[in-house]
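Student: Please see the structure below; I have some questions.
The values are calculated or read from the model by the stated rules, or taken from the named source; none is laboratory data. Here the structure is a predicted model, which is why all the values come from computation and not from measurement. Counting neighbours? That spans all protein chains shown, and the Cβs are built from the backbone with ideal geometry, glycine included.
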Amino acid sequence: MELLQSIADSFNYWIYIILMMIGLYALVAKNNLVKKLIGMSIFQTAIILFYVSIGYKDGATIPILYEHQAHHGHHDAGHGDAEDAHHDVEHAVEEAAKEIHAVAEDHADGHDAHADDHDTLVDSHDAHTSSAIHAEDFANPLVHVLMLTAIVVGVATLGVGLAITQKLYGEFGSIEESEIIEQIRTGK
Amino acid sequence: MTEQAPIFILLFPFLTAVIVALVGLRHKSLSWPLTLVSLGASVCASLSTLAQVVEHGPIRYKLGGWSPPFGIEFHIDGLSALVAVTVSVVALLTAIYSKDNVDAETPDKSSQYYSLFLLLVSGLLGIVITGDAFNLYVMLEVAALTSYALIAMGNKRASLAAFKYLIMGTIGASFYLLGVGYLYIKTGSLNMLDIREILETAGLFNSPTILVAFILITVGVWIKMAFFPLHSWLPNCYAFAPTTSSNIMAPLVTKVMIYVMVRMVLTVFGPNYAFEILDWENIVVWLAVIAILAGSIGALAQKDLRKMLTFLIIAEVGYMVGGLWLADETGITGTIFHIISDAFMTLCVFLFAGIVFAKTGARDIYALEGMFKKMPLTMVGFLVGAFSLIGIPPTAGFFSKWYLVQGGINSGNWEYVVALLISSLINAVLFFRLIEIAYFGKKPAEGHDHHHGDDHAKVSEASFTMLLPLLSTAAILIVIGLYNKELVSVIQDFLSQFNLATSIR
Amino acid sequence: MSSTITSITPLLACLVSLIAVLPIVLLRKSPNAREGATFVAGIIKFGLVLYMLPTVLAGTKIEYTLWQILPNIAIEFRVDGLGMLFGLVASSLWILTSLYSIGYMRGLKEHSQTRFFTFFAISLSATIGVAFSGNLFTLYLFYEMLSLATYPLVTHHQDKEARTGGRTYLTYLLTTSIGFVLPALIFVFVKTGSSMDFSPEGFLAGHISPSAALVLLLLFTFGFAKAGIMPFHSWLPGAMVAPTPVSALLHAVAVVKVGVFCVLRVFTGVFGIDYLESLDIATVVAWIAAFTVITSSLIALSQDNLKRRLAFSTIGQLSYIILGVALLSDRAVTGSMTHIAMHAVGKITLFMCAGAVFVATGKKYISQMDGLGKKMPFTFAAFTIGALSVTGLPPTGGLISKFYLVTGTVDAGQVALLVIFLISTILNAAYLLPIGYRAFFPKDKELSKTPFSWKAVEEASLPCVLPVCITSTLALVLFIKPQFLINLAGLMLGSGG
Amino acid sequence: MIWIFDLIILVFLVITAIISLQVKDLLSAAMILGVYSFLMCLLWSGMGAVDVAFTEAAVGAGVSAVFLISTVLRTSRRSSD
């Protein structure tokens, strides 16, 4: 079961590559313009899947702080609660990012020492601010924010593509690329 | 005020794009002046930024006060300041030029046009000044989406070309995004300077992930800049798009992509990785040689004026890719210089092609017939652009080629030097063919017509708004040529941080 | 010996004719004022050059740095002996050519005369720029400028022939300058890193390997295709479609002389005579030039079109100059430098005579010119003097430079080349002298019996004939007073030995 | 057993992607692309990316499906491949 699970863990990456290839194939080989755009959509979601997989950690939860978490290390917080909470969120983001640094460096062979250094730094940093928030508990929120943008960009591209498709249909009466090229070649 | 200049470069065109879109619903006539004002302001801001960079060194402008690894940062050094100035100036000139053309070609869509135009410019400026790899992707897409729309405003064939561009552009941008993703896996940062620092301190250069990231980013950017085997989308796009659309895109889009390539290779991965660890130079330089020759020969085969010029762009892209991979300081200086000079010379000849089209309604090169008599001033502008593309001193094109050839000799890449010279010669053939047509006419009369004298030639120049940008561009080309030393010192200041192989000096 | 002063005069001398473009264009409505402007500019230019002459003869170089254009490289003017010699020739002959072109252009009612005079003035600026340029880069700059500025002149008629001629013209000149000179230039810059200033010792020594030096030398010699070395000569006969004043200026003074001047500069200022001597590579160039001399003379013999014959003669004469400098002996180099002036004076006379004949009678071919001497005595007298000068016979200036060249060959110990000189001189005489002879003593008995009478004289207009007379006189004067030319040439050799 | 759930979604993703590209009727293709997008949402919310999932549901699945369908209705439903 563990073997299967480990395959399943990296399965995301395999699937993203497969989906990308499917999308790329459609982009290049399909004749129908709408099909091309569908391929493009698949291609882009595959990349987003890849990014989300980067941000995902085993057993991590959504990067939202609950009130008790935010207040854990700040019993003496008075009127500055809101500010502190804000600070914590920011801090959590920072932690998450640093976590990735650490992971990244762990991957790099022969640089463990350096990575350890970094870890201890993170820990000490942790200790004197808010011991309750651990970056490894959360998925990396930065990636998510970026992907929101990417999704919107993808849909915008799709929209423009479809608009051009409609324009082409208006001009040539077809949405098949080969037919349009034929019409251009035979002289408008 | 001046320390806020970096953000104003971007903010003016972007906000005005929104305003133009709204105001344009009711008062179409306001679009043009608004565009001009905002671009003028943007030019001022970018010039002031350049001055600051030259004086105080690179500027790091934190957007919204978030510190670098998390917030978006504008990082402006000599390179980006120079390219930003180029972009904004080209945009301003094209905007002036747009007045008559847009009214003539797309009369009912003028406010949409200006709005898209401004968005395109802000996208390009954003690419240039951002210091964040993901932000760059977003700006890339902003610029790309607007350019698809701008191209599709053209005739029937333009729509298909725009669609193909959309497909290729998306593939390119997605490759770039993927590459950035891989970088992020390894480094956990999206800030360009930060990535470089982590790559170096953590010694990640041997990791295959970084290699994949590098390949994906390079190939993605190559697609977007129409580097030779990946160029197929470009000629039809720029040849059939509305005049002003191609006038803004032809000089800028590919050039900004070259900027991205330079930025990625030098700032993000570092020349040490790109040139020494990977050791690809020879392959890429050969690819560039093929691109240069293919572009030049492709241009020879064209009868359509603008299409011919688009093939020249492909050759010029080859110049710059090759120049970068010479891995020599002089060569890279040449590449960066060529970004600027090529932007202006491409602009110059495209503006001219636009005037010819507006005056004669014909696209092929024979439309030039008798132009020397009909519009001498326009031809003067064209001549400067053509001479610059050929590389005749003292135009800007000569000096950028000078540095490129020098870099080629320095690094011993003789094939590149030869390709550059051959392409210069082909350019000479191309442009003197045009000049000949303009001078003699299509069918030269046997014997000479004595009374066809100079005293009563019908002069019908293009309108002022079209002529002014053309002549200003020509003037800029010469000024850049004459002041190239100052420009190069800015570029070399920028390059000095990288410890590149230098020439004997 | 090598003292220098800084003065703006060289720049002014170069710019005068460029500035004159403005009045020429503005005064296009009134031809007299327009030509007046050309004339005034010509005289000012000549005056400025003359003004510098004493200083230069005294051994002082005049320098002016205009613009630091690249790191280490400036656009720089420097007047030394060779530059002075060439500048003097070009600027003095410009005045005469302008006078002549007024007569010629009006005589034939040519079109677009304003354009003609404009580009004429620009070409002159470029020529003087070449003459006075202080480094290789400036030289290249003006060289290119000259190629482009003469294109509208060559293609002046705008007909099919002009188009072909113009195309050949530009193809040859641009291909060679961009393809050969530019890379050589950049290579020199990369290898030496110097400012590329011409210096009497050259600045290449020690920076490049001998084989690279040979390649460079050939690149430069062929690259300056205006010098008409074979196989890059055929633009010259092609450019004969131009109006005669242009041919006169192009093929006697400005363009072709710029070519050989550049080659001379490269030999003396870039490589340095001593360095070339130590490398022993100049002989290659000498033999190429010798080949050109003989071949072009043979071709010239077979031409019936007078202008074409003169063009091929020019190719041969230019190669004399290159041959002379490639011999590397002091006398030969002096000879080739003075030959620039001598040949210019002689050849411009010949061309202007050809033009005068064309204006007066419309005849282009030598076979038609039998007995014309009676109709145009002045023209053909001048022609004969010019022919003597080009051939190198007394009492003309041509003899002086030929003498130096031949003795220089002996100095250099190249006996084989001496034979070439002799053969070519015979050939020169064979293709030039009969023209004048036939004009006065035609074969046709009837023509020869016609008595000479002043009434039958049908010379071209005064502005056409006057310059011809002046230049032919000049050719005679140079025989008597060649000393200052030799002095100027000697300045270039001063430090070399 | 959550990973099995993940696995099933991933496999279905591939299947829907292929079907939406192979089906000749463009309207169905658009519908199936919508299904693909919803599967993607599901996957992402499982991976802790709730915000991305919501956006994808609204923008990716919703808006693009609407775009596609309206285009297909305005042009032609048939596709040659």
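Student: Take the conditions modelled with pLDDT under 75, over 15 Å from the mean Cα position of the chain (by Cα) and assigned to a helix (DSSP H, G or I) and apply them to A:ALA77. Does it pass?
Tutor: Working: modelled with pLDDT under 75: yes; over 15 Å from the mean Cα position of the chain (by Cα): yes; assigned to a helix (DSSP H, G or I): no.
When the stated conditions are applied, A:ALA77 does not pass them.
Student: Then there's this: When only residues in the range B:19-51 that are in contact (Cβ under 8 Å) with a residue 12 or more places away in the chain and surrounded by fewer than 15 Cβ atoms within 10 Å (Cβ to Cβ) count, which is farthest from the chain's Cα centre (by Cα)?
Tutor: The residue in question is B:LEU25.
Student: Can you tell me which residue within the range A:137-188, out of those that are assigned to a loop (DSSP other than H, G, I, E, B) and either more than 20 Å from B:ILE167 (Cβ to Cβ) or in contact (Cβ under 8 Å) with a residue 24 or more places away in the chain (or both), is nearest to the other protein chains (Cβ to nearest Cβ)? Walk me through how you get there before you give the answer.
Tutor: If we filter the range A:137-188 for residues that are assigned to a loop (DSSP other than H, G, I, E, B), which is where we start, we get A:139-140, A:173-175, A:186-188.
Now drop any that are not either more than 20 Å from B:ILE167 (Cβ to Cβ) or in contact (Cβ under 8 Å) with a residue 24 or more places away in the chain (or both), which leaves A:139-140, A:173, A:175, A:186-188.
Numbers: A:ALA139: 4, A:ASN140: 9, A:GLY173: 9, A:ILE175: 5, A:THR186: 13, A:GLY187: 12, A:LYS188: 7 Å.
The residue in question is A:ALA139.
Student: Would you please name the residue that is farthest from the other protein chains (Cβ to nearest Cβ), looking only at residues in the range D:48-60 that are in contact with a helix residue (DSSP H, G or I) (Cβ under 7 Å, 6 or more places away or on another chain) and surrounded by fewer than 20 Cβ atoms within 10 Å (Cβ to Cβ)? First the steps, then the outcome.
Tutor: Here is the first cut: in the range D:48-60, the ones in contact with a helix residue (DSSP H, G or I) (Cβ under 7 Å, 6 or more places away or on another chain) are D:49, D:51-53, D:55-57, D:59-60.
Checking the rest, the ones that are also surrounded by fewer than 20 Cβ atoms within 10 Å (Cβ to Cβ) come to D:51, D:57, D:59.
Working: D:ASP51: 5, D:ALA57: 10, D:VAL59: 5 Å.
Looking at the filtered set, the residue picked out is D:ALA57.
Student: Taking interchain pairs and intrachain pairs at least six residues apart, which have beta carbon atoms under 6 angstrom, with the first residue in the range B:142-154 and surrounded by 21 or more Cβ atoms within 10 Å (Cβ to Cβ) and the second outside any helix (DSSP H, G or I) and of a type outside the set (Asp, Glu)?
Tutor: B:ILE151/B:ALA241; B:MET153/B:THR106; B:MET153/B:PRO242; B:GLY154/B:ALA241; B:GLY154/B:PRO242
Student: Separate question: For the range C:180-207, which residues satisfy the criterion of being more than 20 Å from C:GLU277 (Cα to Cα) and away from chain B (no Cβ under 11 Å)?
Tutor: Residues satisfying the conditions are C:SER195, C:MET196, C:ASP197.
Student: More than 10 Å from the chain's Cα centre (by Cα) and assigned to a helix (DSSP H, G or I): is that true of D:ILE18 in this structure?
Tutor: Numbers: more than 10 Å from the chain's Cα centre (by Cα): yes; assigned to a helix (DSSP H, G or I): yes.
For D:ILE18, the condition - more than 10 Å from the chain's Cα centre (by Cα) and assigned to a helix (DSSP H, G or I) - is met.
Student: Restricting attention to the range C:309-321, which residues are out of contact with any Lys or Arg (no Cβ under 9 Å at 6 or more places or on another chain) and not hydroxyl-bearing (Ser, Thr, Tyr)?
Tutor: Start the filter on the range C:309-321 by keeping residues that are out of contact with any Lys or Arg (no Cβ under 9 Å at 6 or more places or on another chain), which leaves C:309, C:311-312, C:315-316, C:319.
Within the range C:309-321, C:ARG309, C:ALA311, C:PHE312, C:ILE315, C:GLY316 qualify.
Condition check ((1) closer than 22 Å to B:GLY295 by Cβ; (2) more than 10 Å from every other protein chain (Cβ to nearest Cβ); (3) touching an Asp or Glu at 6+ places or on another chain (Cβ under 7 Å)) across all residues:
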position	(1), (2), (3)
B:THR335	yes, yes, no
B:ILE340	yes, yes, no
B:MET345	yes, yes, no
B:ARG363	yes, yes, yes
B:ALA367	no, yes, no
B:GLY385	yes, yes, no
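Student: If you don't mind, there's one more thing I want to ask. How many residues does the range C:92-113 contain that are of a type in the set (A, V, I, L, M, F, W, C) and either under 17 Å from C:ALA33 (Cβ atoms) or within 14 Å of another protein chain (Cβ to nearest Cβ) (or both)? It would help to see each step written out before you state the result.
Tutor: If we filter the range C:92-113 for residues that are of a type in the set (A, V, I, L, M, F, W, C), which is where we start, we get C:93-96, C:99, C:102, C:105, C:108.
Retained after the next criterion (residues that are either under 17 Å from C:ALA33 (Cβ atoms) or within 14 Å of another protein chain (Cβ to nearest Cβ) (or both)): C:99, C:102, C:105, C:108.
Matching residues across the range C:92-113 total 4.
Student: Give the residue that is modelled with the highest pLDDT, with candidates limited to residues of the range B:453-474 that are surrounded by fewer than 14 Cβ atoms within 10 Å (Cβ to Cβ) and either closer than 19 Å to B:VAL87 by Cα or not charged (D, E, K, R) (or both).
Tutor: This residue is B:PHE464.
Student: Do the conditions hold for D:SER37, that is, is it small (Gly, Ala, Ser), under 20 Å from A:TYR25 (Cβ atoms) and free of Cβ contacts under 8 Å to residues at least 60 places away in the same chain?
Tutor: Details: small (Gly, Ala, Ser): yes; under 20 Å from A:TYR25 (Cβ atoms): yes; free of Cβ contacts under 8 Å to residues at least 60 places away in the same chain: yes.
The answer is yes for D:SER37.
Student: Please verify whether C:LEU182 is buried (at least 23 other Cβ atoms within 10 Å of the Cβ) and assigned to a helix (DSSP H, G or I), treating the condition exactly as stated.
Tutor: yes
Student: Pairs please, first residue from the range C:280-306 and part of a helix (DSSP H, G or I), second anywhere and among the aromatic types (Phe, Trp, Tyr) and surrounded by 17 or more Cβ atoms within 10 Å (Cβ to Cβ), Cβ atoms under 6 Å, 6+ apart in sequence or on different chains.
Tutor: From residues that are part of a helix (DSSP H, G or I), the pairs are C:SER296/C:PHE312; C:ILE299/C:PHE312; C:ALA300/C:PHE312; C:ALA300/C:TYR431; C:LEU301/C:TYR431.
Student: While we're on this one: Give the residue, chosen from B:ALA396, B:ALA367, B:ALA386, B:ALA358, that is surrounded by fewer than 21 Cβ atoms within 10 Å (Cβ to Cβ), under 21 Å from B:PRO251 (Cβ atoms), in contact (Cβ under 8 Å) with a residue 24 or more places away in the chain and of a type in the set (A, V, I, L, M). Write out each step before concluding.
Tutor: Values: B:ALA396 fails: surrounded by fewer than 21 Cβ atoms within 10 Å (Cβ to Cβ); B:ALA367 fails: under 21 Å from B:PRO251 (Cβ atoms); B:ALA386 fails: surrounded by fewer than 21 Cβ atoms within 10 Å (Cβ to Cβ).
Selected residue: B:ALA358, the only one of B:ALA396, B:ALA367, B:ALA386, B:ALA358 that is surrounded by fewer than 21 Cβ atoms within 10 Å (Cβ to Cβ), under 21 Å from B:PRO251 (Cβ atoms), in contact (Cβ under 8 Å) with a residue 24 or more places away in the chain and of a type in the set (A, V, I, L, M).
Student: Considering only the range A:17-57, state which residues are among the basic types (Lys, Arg), buried (at least 24 other Cβ atoms within 10 Å of the Cβ) and within 9 Å of chain D (Cβ to nearest Cβ). Steps first, please.
Tutor: Residues of the range A:17-57 among the basic types (Lys, Arg): A:30, A:35-36, A:57.
Still in the running and buried (at least 24 other Cβ atoms within 10 Å of the Cβ): A:35-36.
Result: A:LYS35, single match.
Student: I'm told C:LEU218 meets every condition in (1) away from chain B (no Cβ under 13 Å); (2) free of Cβ contacts under 8 Å to residues at least 40 places away in the same chain; (3) not in a loop (DSSP other than H, G, I, E, B) except one. Can you identify the failing condition by its number?
Tutor: Of the numbered conditions (1) away from chain B (no Cβ under 13 Å); (2) free of Cβ contacts under 8 Å to residues at least 40 places away in the same chain; (3) not in a loop (DSSP other than H, G, I, E, B), the odd one out for C:LEU218 is (2).
Student: Considering the range B:468-500 alone, what residues qualify as being among the charged types (D, E, K, R) and touching a residue at least 60 places away in the same chain (Cβ under 8 Å)? Reasoning before the result, please.
Tutor: Initially, the range B:468-500 is screened for residues among the charged types (D, E, K, R), giving B:485-486, B:493.
Scanning the range B:468-500 gives a single hit, B:ASP493.
Student: Take the conditions assigned to a helix (DSSP H, G or I), away from chain A (no Cβ under 14 Å) and surrounded by 24 or more Cβ atoms within 10 Å (Cβ to Cβ) and apply them to B:SER88. Does it pass?
Tutor: On the way: assigned to a helix (DSSP H, G or I): yes; away from chain A (no Cβ under 14 Å): yes; surrounded by 24 or more Cβ atoms within 10 Å (Cβ to Cβ): yes.
When the stated conditions are applied, B:SER88 passes them.
Student: Another one. When both residues are 6+ apart or on different chains and their Cβ atoms are under 8 Å apart, which pairs have a first residue that lies in the range B:286-302 and is over 19 Å from B:ALA239 (Cβ atoms) and buried (at least 22 other Cβ atoms within 10 Å of the Cβ), and a second that is of a type in the set (D, E, K, R) and at pLDDT below 90?
Tutor: Close Cβ pairs satisfying both conditions: B:VAL289/B:GLU415.
Student: Out of the residues in the range C:1-40 that are without any contact (Cβ under 8 Å) to a residue 24 or more places away in the chain and among the β-branched types (Val, Ile, Thr), which is surrounded by the most Cβ atoms within 10 Å (Cβ to Cβ)?
Tutor: So the first thing to find is which residues in the range C:1-40 are without any contact (Cβ under 8 Å) to a residue 24 or more places away in the chain, and the list is C:19, C:22-23, C:26-27, C:29-30, C:32-33, C:36-37, C:40.
Adding the requirement that they be among the β-branched types (Val, Ile, Thr) leaves C:19, C:40.
Numbers: C:ILE19: 15, C:VAL40: 13.
Among residues in the range C:1-40 that are without any contact (Cβ under 8 Å) to a residue 24 or more places away in the chain and among the β-branched types (Val, Ile, Thr), the one surrounded by the most Cβ atoms within 10 Å (Cβ to Cβ) is C:ILE19.
Student: Can you go through C:PHE120, C:PHE116 and tell me which one is assigned to a helix (DSSP H, G or I) and facing chain B (nearest Cβ under 10 Å)?
Tutor: Within the list C:PHE120, C:PHE116, the selection yields C:PHE116.
Student: Determine if the range B:261-271 includes at least one residue that is closer than 30 Å to B:THR35 by Cβ, touching a residue at least 40 places away in the same chain (Cβ under 8 Å) and not β-branched (Val, Ile, Thr).
Tutor: If we filter the range B:261-271 for residues that are closer than 30 Å to B:THR35 by Cβ, which is where we start, we get B:261-263.
Checking which are touching a residue at least 40 places away in the same chain (Cβ under 8 Å) leaves us with B:261-263.
Adding the requirement that they be not β-branched (Val, Ile, Thr) leaves B:261, B:263.
Taking every residue of the range B:261-271 in turn, at least one turns out to be closer than 30 Å to B:THR35 by Cβ, touching a residue at least 40 places away in the same chain (Cβ under 8 Å) and not β-branched (Val, Ile, Thr).
To keep it simple, each residue is scored yes or no on (1) modelled with pLDDT of 85 or more; (2) out of contact with any Leu (no Cβ under 9 Å at 6 or more places or on another chain); (3) among the aliphatic types (A, V, I, L, M); (4) closer than 30 Å to B:GLY412 by Cβ.
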| residue | (1), (2), (3), (4) |
| --- | --- |
| C:LEU148 | yes, no, yes, no |
| C:HIS157 | no, yes, no, no |
| C:GLU161 | no, yes, no, no |
| C:THR164 | no, yes, no, no |
| C:THR175 | yes, no, no, yes |
| C:ALA184 | yes, no, yes, yes |
| C:VAL190 | no, yes, yes, yes |
| C:PRO200 | no, no, no, no |
| C:GLY206 | no, yes, no, yes |
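Student: Please enumerate the residues belonging to the range C:52-80 that are farther than 18 Å from C:PHE189 by Cβ, in contact (Cβ under 8 Å) with a residue 40 or more places away in the chain and more than 22 Å from the chain's Cα centre (by Cα).
Tutor: Listed by number, the residues that qualify are C:THR55, C:GLY59, C:THR60, C:LYS61, C:ILE62, C:GLU63, C:TYR64, C:LEU66.
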